[in-house]
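Notes follow once the structure below has been shown.
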Amino acid sequence: MKRTQPTNMIYIAILRGINVSGSKKLPMAELRTLLSTLGFTDVQTYIQSGNVVFKAAKQHQEKLGNQIAEAIKKQYDYEVPVLVKTIDQWKTAIANNPFAEADISKQGITFLATIPSATTIEIDSKDDRFEIINSEIYLDCPGGFGRTKLTNNFFERKLKIRATTRNWKTIYKLLDLAEAME
């Protein structure tokens, strides 16, 4: 009886807190090599902040994220939260943007490790807006991200869930890279 190989799926992984202010340095070439040693194929990275697109056998994204985080811990001796999404999840996150009418250059998505139980958070965020939909927090920060109180740390503290944020340029670029693999 002939055994079939498991179907490889395309995943997007986003790492939190690497190559920021000289800490947790992880060159993207080394990250690509590390993921290849885990058996992932067609590994591509985008900019230095830990954005990866790759193919792997179909499995739960949390398991993939843990596998990547454990490999980084073993090789570099520091912890890095890793969130993994499928292309369909990524497209859904893009389609759900409640602030589509606003300036996209002042927006981003904070990706959460899980769907939060709370969807409202009290904060005086001035003109900044956010909305929680599924496992994403949509941000609209007209004053810029450097001045907003709507940070990864804020959401992690309030929701007790790992979070990492990407701007729309990065979100669309990762989608382009993933779709080119289809």
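Helix 28-37 against the longest principal axis of the chain: what's the angle in degrees, Cα atoms only, rounded to the nearest 10? Approximately 50 degrees, to the nearest ten.
At a probe radius of 1.4 angstrom, the accessible area of the chain per residue rounds to 55 square angstrom. Note the angle between two axes, namely the Cα long axis of helix 168-180 and the longest principal axis of the Cα atoms of the chain, as a number of degrees from 0 to 90, rounded to the nearest 10. Tilt of helix 168-180: around 20 degrees. The loop-placed GluC sites (Glu not before Pro) in the stretch 33-113, going by DSSP, that have at most 11 neighbouring Cβ atoms within 10 Å of their Cβ come out as 101.
With a cap of 10 neighbouring Cβ atoms within 10 Å, and only residues DSSP puts in a loop, list the trypsin sites (Lys or Arg not before Pro) found in the stretch 9-40.
Numbers: sites: 16, 24, 25, 32; in loops: 16, 24, 25.
Here no loop site has a sparse enough neighbourhood.
Do me a favour and compute the ellipsoid semi-axes for the stretch 20-121 from its Cα gyration tensor, root of five times each eigenvalue, largest one first, whole Å. Each step should come with its number before you reach the end.
Values: eigenvalues 137, 56, 45 Å².
The answer is 26, 17, 15 Å, longest axis first.
How much of the accessible area of the stretch 60-182, probe 1.4 Å, is carbon plus sulfur, in whole percent? Percent of accessible area from carbon and sulfur atoms in the stretch 60-182: 46. Among the chymotrypsin sites (Phe, Trp or Tyr not before Pro) within the stretch 51-86, those in coil by DSSP and having at most 15 neighbouring Cβ atoms inside 10 Å are 78. In plain terms, if you count all Cα to Cα distances in the chain and split them into 10 Å steps from zero, the share in each step is 9, 37, 35, 16, 3, 1, 0 percent.
The values are calculated or read from the model by the stated rules, or taken from the named source; none is laboratory data. Note that the structure is a prediction, hence the values are computed from the model and not measured. In this analysis, Cβ positions are derived from the backbone assuming ideal geometry, glycine residues included, and neighbour counts consider all displayed protein chains. Areas reflect the complete protein model, heavy atoms only, side chains present, ligands, DNA and RNA absent. Shrake-Rupley method; radii C 1.70, N 1.55, O 1.52, S 1.80 Å.
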